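**Student:** After the structure tokens below, expect a handful of questions from me.
Read-outs throughout are calculated quantities, based only on the coordinates presented, and are distinct from any laboratory measurement. The structure presented is a predicted model; accordingly, all values stated were derived computationally and were not measured. Please note: Cβ atoms are built from the backbone with ideal geometry, for glycine as well, and neighbour counts cover all protein chains shown.
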Amino acid sequence: MAFVKEHQGLVKEDEKWMKDAATSCSIVTVLIATVVFAAAIKVPGGNADDGGIPNFYYFPAFTIFAIADAISLFSSIAAIFMFMSILTARYAETDFLSALPKRLILGLFMLFLSVTALMVAFGATVYLVNFDYEDNEIRKDGVYCLVMGLAFLPVSVYAYSQFPLLVDLTFSTYGPSIFGRESTGVLYKKGE
């Protein structure tokens with residue numbers, strides 16, 4: 001009881017931080033889910049007149065687009081569920097030890113996967129749109145290379161900004177606990 005009373009303020013601070021983080025990440029994941037869902041319905045190149053088959057259906061880049069778009073959609077929806085489970089948690093002291101960090105780790109990982117797959121789908125779309133089908137080669141202008149290079153800037157920025165948090169959460173959740181941790185100092189034999 002004394003431990004709970006002493007750490008009541010810390011629990012309130014952590015609850016506020018956890019809710020703010022989950023809310024911010026939820027907004028991003030909902031936006032990603034909306035964009036990739038729309039991209040799955042309105043595919044690049046449009047549909048052919050016969051039976052609704054996409055014009056680029058037989059190109060390998062279209063397969064990459066479809067797979068990356070599906071991965072992005074499914075992982076963003078999984079991230080939404082993880083962040084919603086954080087927002088609806090009871091925030092008991094014991095939840096901060098394992099349950100809430102595990103949800104946040106999984107949510108952040110799913111969000112990273114979603115952003116990465118979104119950029120892969122974008123790259124495949126840019127490739128499909130800029131491919132010269134008469135000469136069977138990619139157009140040689142520098143804009144294409146610039147766009148493809150910049151496509152992974154959001155992934156890099158997200159990894160740079162969120163990776164330290166993910167590492168800290170993972171180590172504190174799955175790493176050795178303070179109970180049973182060996183001392184890093186000199187180990188003494190029994191009786192000394």
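**Student:** Sorting Ile71, Ile41 on the 10 Å Cβ count, fewest up front, what's the list?
**Tutor:** With the fewest neighbours first, Ile71, Ile41 line up as Ile41, Ile71.
**Student:** Tell me, what are the semi-axes, in whole angstrom and largest first, of the equivalent ellipsoid of segment 15-174 as set by the roots of 5 times the Cα gyration tensor eigenvalues?
**Tutor:** Value: 37, 17, 10 Å, ordered largest first.
**Student:** Let me ask something additional. Counting only Cα, what are the radius of gyration and maximum Cα-Cα distance Dmax of segment 47-100, in Å?
**Tutor:** Looking at segment 47-100, its Cα Rg and Dmax stand at 19.8, 60 Å.
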